[in-house]
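Data first, discussion second: the structure below is written as structure tokens.
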Amino acid sequence: MGRIIELATNEVYHVYTRGVDKRKIFDHDEHYRRFWESLYLFNDKNYAIPSSNLIHRGSELQTAIAFGDNRERLVDIIAVNPVGNHLHFALRQRVDKGISIFAHRLLKGHARYYNLDTGRDGKLFDGPFKAKHVDHQSYLEYLPIYIHINSLDRYGIPWRDGLMSVEARERAWEIMERDPWSSHHVYMGRSQEFPVIHHDILKDVYPTGESYQKEVMSRMASDLPFLDFLKE
């Protein structure tokens with residue numbers, strides 16, 4: 001099913017998709033690493049260099065590291081987590097059609113790269129991306145936590161029903177801390193290799209890694225199913 005909502009500029013959306021037939025869309029670290037590079041490169045209104053051009057990709061990334069960010073961003077990537085067979089984002093649209101342009105570039109580029117690298121043919125993603133409007137503050141504050149805790153899916157650890165035991169919460173936090181591919185590490189105050197995540201909209205909510213961690217642990221201890229928080 002396609003999207004049934006209009007994506008408005010300056011609004012925030014929970015954007016997500018998964019592999020066709022729930023298949024994996026990342027096999028190893030190099031797939032994740034290239035995906036993170038694409039998050040940076042494709043989030044530019046003026047980007048026109050094919051993603052397959054490795055020389056230009058490397059040059060653009062090195063420029064960002066050495067001289068700073070001079071892009072005209074299509075979206076603010078507030079949070080992201082690529083998890084095996086699915087993807088979650090919190091995105092704020094900065095320009096008209098920004099989310100659609102960014103998502104089209106990103107998913108098409110990743111599918112092309114993945115198919116070439118693995119020798120497969122056919123579509124990789126299960127139709128168009130889906131989007132839900134983040135229409136209240138509590139949803140916005142909770143969404144990055146929901147996105148980051150999806151890392152537990154890699155280990156088959158149940159978490160969606162809530163009321164996790166102390167042991168389960170400690171194990172969950174350990175996994176989130178170990179995961180280098182979600183934006184969890186940015187919320188913990190750690191540096192980015194290049195500026196992918198822009199979560200200023202939540203700086204007052206999570207001013208420190210400690211404040212973010214406290215809220216994560218509180219949510220995991222709640223007896224509410226995790227999806228119920230998205231409906232508050």
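Where a number appears in this text, it was derived from the coordinates with a stated rule and is not lab data. None of the values given here were measured: they were computed from a predicted structure.
Quick notes on this one:
- With respect to the chain, whose longest principal axis is taken over its alpha-carbon atoms, helix 166-178 is tilted by about 20°.
- Residues considered: 199, 88, 136. Largest GNM mean-square fluctuation over the chain, using C-alpha springs under 10 Å, is found at 136.
- Considering only 44, 153, 117, the mean-square fluctuation computed in a Gaussian network model of the chain, springs between alpha carbons under 10 angstrom, is largest for 117.
- Long-range amide H partners of residue 79 with built H, under 5 Å: 90
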